[in-house]
1. Using the Cα centre of the chain as origin and beta-carbon charges of +1 (Lys, Arg) and -1 (Asp, Glu), tell me which of 42, 87, 352 is placed farthest towards the positive end of the dipole.
2. Provide the gained length on full extension for the span residue 212 to residue 182, in nm with one decimal, where the gain is 0.36 nm per separating residue minus the Cα-Cα distance.
3. Test of the criteria: in segment 268-344, which GluC sites (Glu not before Pro) are in a DSSP loop and have at most 14 other Cβ atoms within 10 angstrom of their Cβ?
4. Sequence-distant or interchain residues sharing an amide H contact under 5 Å with residue 252, placed H: which?
5. What is the angle, in °, between the Cα long axis of helix 279-295 and the longest principal axis of the Cα atoms in the chain? Nearest 10 is fine, range 0 to 90.
6. What 222 nm value per residue comes from the helices of the chain, counting each DSSP H run with n ≥ 4 as -39,500 (n - 2.57) and dividing by all residues, nearest 500 deg cm²/dmol?
7. Under a 5 Å amide H to amide H cut-off, with H placed in plane at 1.01 Å, what residues pair with residue 274 once short-range neighbours are removed?
8. Which angle between 0 and 90 degrees, to the nearest 10, do you get for helix 333-344 versus the longest principal axis of the chain when only C-alpha atoms count?
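Throughout, read-outs are computed from the coordinates displayed, never taken from laboratory work. This structure is a prediction, so every number in the text was calculated from the model and none was measured. FYI the Cβ positions are ideal-geometry reconstructions off the backbone, even for glycines, and counts take in every protein chain you see.
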Amino acid sequence: MVAGVAPSSVPLIPTNGASSSSKGPFPKRKLILNAFDCIVPSHNVPGTWRGEKGEGHKRFDTLDYWIETAKLLEKGKFHGIFIADSYGFLDIYQGNLDASLRGGFQIPKLDPMLIAAVMASVTTNLALGLTQSTTYEPPFALARRFTTLDHISNGRAAWNIVTSVLPSAARNFGLKEAIEHDKRYEIADEYMDVVYKLWESSWHDDAVKRDAISGTWTDPTLVRPINHSSPHFPDIPGPFISHPSRQRTPALYQAGSSGAGTTFGAKHAEAVFIAQPTPKVAALKVAEYRKKVEEAGRDPRSLKVLPQLLVFLGKTEEEAEENYKYWHSYGDGEVALAFYAGFTGVDWAQWGPDEELTPEVGSAGHAFLENWKRMKPEIKVWTREVFKREITISRAGAVAIGTPAKVADIMEEWITVGDIDGFNLTHFARNESFEDIVNLLIPELQSRGLFHTDYDAVPQPTDASRPIGVTAREGLLGVVGHPHLDPSHHGHQFKWIS
Ligand SMILES: Cc1cc2nc3c(=O)[nH]c(=O)nc-3n(C[C@H](O)[C@H](O)[C@H](O)COP(=O)(O)O)c2cc1C
């Protein structure tokens, strides 16, 4: 069934200020900017939904909000939006869901695929990235949804591949407990081969005829089964139910940070999201990723690394500080504790407010707290109140506060010290954040030559009913004419070539 590796047959046109400092079609180039969100009342910064100045949080469940946001991001020339998702909720803190429910945090949560389809309808170039898990849903169903999004968006679908960690999700999908960490990645690895076969192997490039004269929509000789068999997916015959979309396989994102997670990312991802506090600390993770990518037989620069960054802007330093103070005053530390209880499995409420935190050595909670201790050596005693104060705003990513010039300086430091390719820009109050980024920060980045001033032009088919933009993959790689997986990518070997 594996058809062998073919040479790239598409013309590769490096764009966006690409330099020739790297081999292959993956030069280091201008910044990639992604907007990061989730369809919940309160995303990365708990509590800010209460701020009177922000109104996006109040409209997160309306069509209009996402339509306006998509248009705003495309006006700012963002490469894409990435919408996080999970089926789990945070019920470890105090042994219940109350803090999350009260804080609108991770619950309620709506389906990003439907929202992405709406955003596709009002944009042309914005990549539409969303999380879907490999843990609970059969690959056949997931593959069809992404192909549908890729068709209707003309090649702008991107998938953030996750494995599901939360026990609450496991229970709601009929399991007693969450599947063990490395086993989840083992399943995910097999899952990927199934979807590559569905997307790349089942339908030949020439299968779709749409020929009314001969009465042939699809040439039956050019569609074939996949006959996949592996330990976790023993019998998936195919063929795929959907015809190939512009990218075939959506652009692939991932955000693992463990050994198994980064190995998986190095093999499958085309972009990874990281959340690190400083460029120096991030550089270690970036180096680990690039080394593993090279070991996987790929150009280390073919993987784009995007750290999370939260920015508070102002036209003056004072204004930026005021902005930060305003939103910080709404931060809800109790909900942040609930979040980190969910993800570490440690109920931080077992310690009193002024008691020192002592999670069991070797537990995820211990590793997490140790990380904070390294970042903030000036704090000598980590009580629950101290911990709560520290985690309220930052949620483990980096924070930059200042004028556009100061924030651009900080971003430049990330590029030179961290060796990153762009940013996953998160928000404190949805459109309040993204409007400032579009109106204040992006012009500064553009004037420094760090960010593109427009999307690349794409040849328009004569029969196109609406303009066609760059695909998610082309935007990410900065190479027009590269809509499909690169020949060096693991998934490319499944392509039907004859
Ligand atoms: C920026 C960012 C976004 C993430 N988005 C999601 C998400 O949408 N859904 C999810 O279940 N996990 C998400 N994660 C968690 C990661 O997929 C991953 O599970 C986590 O970083 C732990 O790494 P590990 O799985 O390698 O242990 C995200 C992580 C980061 C850094």
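1. 87
2. Details: separation 30, 0.36 × 30 = 10.80 nm, distance 5.08 nm.
My answer for the length gained is 5.7 nm.
3. Details: sites: 270, 288, 294, 295, 317, 318, 319, 321, 322, 334; in loops: 270.
Qualifying residues, ordered by number: none.
4. 159, 270, 271
5. 30
6. On the way: 16 runs with 172 residues, N = 498.
Value at 222 nm, helices only: -10500 deg cm²/dmol.
7. Excluding prolines and chain starts, which carry no amide H, the hits are 306, 308.
8. Compared with the principal axis, the helix lies near 50 degrees.
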